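Take a look at the structure set out below.
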Amino acid sequence: MRLLNNKVKGTAAIVLAIGVGMACSLAAAAAPEAAPAAPAAIAGMAERMAACTACHGKQGRATADGYYPRIAGKPEAYLLNQLQSFRDGQRRYPMMNYLLANLSDDYLQQIARFFADQHPPYPPPASNEASATVLERGRRLVTEGDPQRRLPACAACHAPSLGGVQPGIPGLLGLPRDYINAQLGAWRNGDRTAKTPDCMAAVARALSPEEINAASSWLSAQAVPADYAPAPALPSPLPQQCGSQPQSGVQR
């Protein structure tokens, strides 16, 4: 398996993103300023988000491309964190870095809130050619981890349902296999970073390419339940410190 890096997929995609992105940036400049804690709603957000939905699909539901992820329904704080990371260079992907370069925190929060409030239906899982052995290995990594290596299960942080946790942990189902591979590869290679301590970078570096392939194959093969949504809190503390999620998000 070849780990994908976050590279531009073609000149045509760049031209599209730049053209639509300029319109988005101009619209952002005209948007009224608002208080950081609760920026006022901006009219016509669906139209303003054309630069986002050109790649991420209508309402942010993703497309059949297999690379650009679904952003609809993700926790608002998670989306805001990712938008700020692209703008500030912690996540590197030229189209995203360009589109967000001059946008304010207030406007990024409006974008995050808009997509967090979108809940289009999930499509059925894509066909998967992984063997039963690979899928079982992936299931164990996702649901159980590897205690002997002190490798936490994905479910220990992303919730037993794998639906994510408020305010800052995303769900893992309904994502393309190629996208999952690309992000874990980016964390392993240092092309993607998060707030310190960067728990995902530590986990990704502990995984072999074969384990990444197994986990992504199993995750992308799972149907998304009808009630799939971020949990309000985890049933127990995170297995390790993570800068993107406060430890207070635990059920009492």
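Extending 7 Å from the Cα toward the beta-carbon at both residue 236 and residue 45 defines two label points whose distance is 3.7 nm. Which of rounded, prolate, oblate describes the stretch 55-102, given a ≥ b ≥ c as roots of the alpha-carbon gyration tensor eigenvalues and a/c under 1.5 marking rounded, otherwise prolate only if a/b is larger than b/c? The shape class here is oblate.
Placing a pseudo-label 7 Å from each Cα along the Cα-to-Cβ vector at residue 150 and residue 189 gives an inter-label distance of 2.9 nm.
Quick note: the coordinates plus some simple rules give every number you see, no bench work behind them. Quick caveat, the model's predicted, so the values are computed rather than measured. Reconstructed Cβ throughout: ideal geometry from the backbone, glycine too, with neighbour counts over all protein chains shown.
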